[in-house]
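None of the figures in this text is laboratory data; all of them are computed from the coordinates on show. All values reported here derive from a predicted model rather than from experimental measurement. When we count neighbours, we look across all protein chains shown, and the Cβ atoms used for this are built from the backbone with ideal geometry, even at glycine.
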């Protein structure tokens, strides 16, 4: 993968770059937020390791600018700001994963590899459809009623799991296992954040919502017309 590390601690950035290169990744670094944003937009990487406490433009602003520019890079936040509120804020802004400092380098590498596997995992169906919502898996494109919808990579992953089995109810734990693969590393409440983000992008402008919550059970996506016919 082509990876950009946006980190103002030069020693830590060098260590991360070295380990990424040893793992056969192409890695470069930027030392402040504005420089990192320019680099990410000029030559889009596959994945970004992003610190939040950056000089000039902070990491959260970098993240929001990237998502507003429809960047499809997977973004892993790496920061000392590890309170639940900070994690929620980063995930809501469009991050795909979050690792607090201090951290073990092998865990960072494992999380990067996991994000890479999700990007490369093929699917049996190239085109998924639920009502007027369509997903082109190969080109990672989503549209509803013909209107394109910009999703972050992790939002795409969650939606893909739901659309592969429309009508099936997934618990938060099962979604964690499908998306993050190692359940114990993640708070299942994270799923709620991504579902909320998907609802805002997919359902908020339409009278018929597709993503449904079954209280105390989980989440599903279904065609309202089919659901009405089944009653």
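Observations
- Cβ-derived FRET efficiency at R0 25 Å, residue 84 paired with residue 136, nearest 0.05: 0.10
- Rounded to the nearest 10 degrees, the angle from helix 189-202 to the longest Cα principal axis of the chain is 70 degrees.
- Global form of the stretch 127-230, assessed from the alpha-carbon gyration tensor, a/c cut-off 1.5: oblate
- Whether the stretch 1-47 is rounded, prolate or oblate, judged on the alpha carbon gyration tensor where a/c under 1.5 counts as rounded: oblate
- Value of relative contact order over the chain, rounded to a whole percent, pairs C-alpha under 8 Å and six or more apart: 14
- Computed extension length for residue 61-residue 101: 12.4 nm, one decimal, from 0.36 nm per residue of separation with the Cα-Cα distance subtracted.
- The average projected area of the chain, computed from the convex hull of its Cα atoms over all directions, is 12.9 nm².
- Length released on extending from residue 9 to residue 92, taking residue separation times 0.36 nm less the Cα-Cα span: 27.4 nm
- For the pair residue 199 and residue 41, a Förster radius of 25 Å applied to the C-beta separation gives a FRET efficiency near 0.35, rounded to the nearest 0.05.
- Sorting 85, 171, 152, 71 from the fewest to the most surrounding beta carbons within 10 angstrom yields 85, 171, 71, 152.
- The chain: angle of helix 153-164 to the longest principal axis, Cα-based, in degrees nearest 10: 30
- Stokes-Einstein translational diffusion, the stretch 15-115 - Kirkwood Rh over all Cα pairs, 1.567 mPa s, 4 °C, in µm²/s: 95
- Crossing angle, helix 59-68 versus the chain [Cα axis fit, 0-90 degrees, rounded to tens]: 40
- Taking the chain as a Gaussian network of alpha-carbon nodes connected by springs under 10 Å, the highest mean-square fluctuation of the residues 54, 108, 214 belongs to 214.
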